[in-house]
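The values are calculated or read from the model by the stated rules, or taken from the named source; none is laboratory data. Nothing here was measured: the structure is a model prediction, and the numbers come from that model. Cβ: placed from backbone, ideal geometry, glycine included. Neighbour counts: every protein chain shown. Keep in mind that these areas ignore ligands, DNA and RNA; they rest on the heavy atoms of the full protein, side chains included. Shrake-Rupley method; radii C 1.70, N 1.55, O 1.52, S 1.80 Å.
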Amino acid sequence: MTSSIRQEMKSVIKWGLIVFIVINAFSWNPGWGGRNDRKPGREIERYFGWPACFYCDLWRSDHPHEIVLPAYFPIIPFSREMYFVYFSSSVIAFFLNAIFVACLAGMCFLFVLSEEKKLNAWTKWLGIGLALIAVTIFLFRDEISTYL
């Protein structure tokens, strides 16, 4: 393996890990609304993970005023008004998210190899296999996701 390919591989792995952490460590689309059990108050449902949701939790507030929604995108809510109610998680969904990112990183690495004209017949089949695994995980993400 040449040093340029090795450098490209390190770059692909580094950026793949960064993308995995950013996409899976934040709740990009939290759900919020009024309390279902009693009034006044607010509820926030947060879902983590893409393409499969591997962790979700429910937070409640007894305060009648509006909440500051951007405070609930990170891993831990930055508000003293909300309290934790319960959560649901799936280790299988987390590992399938990691496999999904690994497949995408592998396909990027194979793309780098194709630019260097170092592809064999088996590496083309490897790329097709990685793409099929990624597509399968993406298509069945709802069945493996966890929900409240």
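Brief remarks follow.
- Counting only residues that are polar (S, T, N, Q), open to solvent by 20 Å² or more (accessible area, probe 1.4 Å) and assigned to a helix (DSSP H, G or I), the range 11-53 holds 1 of them.
- Looking only at residues in the range 115-126 that are at pLDDT below 75 and at negative phi, the one that is surrounded by the fewest Cβ atoms within 10 Å (Cβ to Cβ) is A121.
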